[in-house]
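Working notes, beginning with the structure itself.
Each value in this text was obtained by applying a stated rule to the coordinates, not by laboratory testing. Quick caveat, the model's predicted, so the values are computed rather than measured. Cβ coordinates were reconstructed from backbone atoms using ideal geometry, including for glycine residues, and neighbour counts include every protein chain displayed.
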Amino acid sequence: MRVVIQRVSEASVEINQQTIASIGVGLLILVGIEYADSIEDSEWLAAKAVNLRIFDDENGVMNRSVIDIDGEVLMVSQFTLHAMTKKGNRPSYIKAAKPETAIPLYEHFCKSVSEKLGKEVQTGTFAANMKVALVNDGPVTIWIDSKKKE
C-alpha cells in the first residue's frame with residue numbers, strides 16, 4: 001500500500017458538483033492499493049499515519065500527531081499512486097489492485113484509521129471521478145509505502 005499524507009487546514013471531496021466529504025484541520029490521505037497488499041500492510045500504515053508527528057507543538061516544532069491535536073482525516077482511494085512510468089510517457093497501472101482486492105483493503109484501512117483515531121474518518125467514493133480540494137498546511141506532504149519499511 002502507498003499513501004500520500006498531506007497536513008491540511010481543510011479538505012473536501014466533490015462528486016457531480018456535490019460535496020460528499022469535508023474536514024477541517026487534519027490529514028488528507030490518498031490511498032493506493034496494489035495486488036500484493038495485505039491486512040498487515042493496512043494495519044501498519046494506519047498506525048503510522050495516525051501517529052505521524054507532523055503538527056506543530058507550542059514551540060512550533062512538528063511534534064504532535066493528528067490524534068494529539070484531535071484532528072480529522074479524509075481518505076481518498078487513488079490507484080494512480082501505483083503508476084509505473086519507466087517506459088514511455090503513458091503510465092501503466094498494472095500493479096494496482098483490482099476492485100475485488102482493493103475495496104476490502106481500502107475499507108479495512110479506513111476502519112483501522114478510524115479506530116486508532118477514535119472518531120469516524122471522512123471518505124471519498126471508491127472508483128468515482130472525484131474533485132479533491134485542499135489547503136495544504138506547510139506545505140507538509142509525506143509519501144509512505146508499506147513495502148519499504150526499512
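Scanning region 97-115 for residues that are touching a residue at least 40 places away in the same chain (Cβ under 8 Å) and crowded, with 20+ Cβ neighbours inside 10 Å gives 97, 102, 105, 106, 109, 112, 113. With the requirement that a residue be hydrophobic (A, V, I, L, M, F, W, C), outside any helix (DSSP H, G or I) and closer than 14 Å to residue 72 by Cα, what does region 99-134 give you? Once the filter is applied, which keeps residues that are hydrophobic (A, V, I, L, M, F, W, C), outside any helix (DSSP H, G or I) and closer than 14 Å to residue 72 by Cα, region 99-134 yields 121, 134. Of the residues making up region 74-98, those that are part of a loop (DSSP other than H, G, I, E, B) and among the hydroxyl-bearing types (Ser, Thr, Tyr) are 85, 93. Number of residues in region 23-46 that are surrounded by fewer than 20 Cβ atoms within 10 Å (Cβ to Cβ) and either under 21 Å from residue 79 (Cα atoms) or among the aromatic types (Phe, Trp, Tyr) (or both): the value is 7. For region 16-73, the strands (runs of 3 or more DSSP E) that sit wholly inside it and include 2 or more residues that are in contact (Cβ under 8 Å) with a residue 24 or more places away in the chain and out of contact with any Lys or Arg (no Cβ under 9 Å at 6 or more places or on another chain) are 18-23. For region 116-150, filtered to residues that are of a type in the set (Gly, Ala, Ser) and farther than 27 Å from residue 100 by Cα, the residue that is surrounded by the fewest Cβ atoms within 10 Å (Cβ to Cβ) is 118.
Here is the figure for region 116-150: residues that are free of Cβ contacts under 8 Å to residues at least 40 places away in the same chain and small (Gly, Ala, Ser) total 0.
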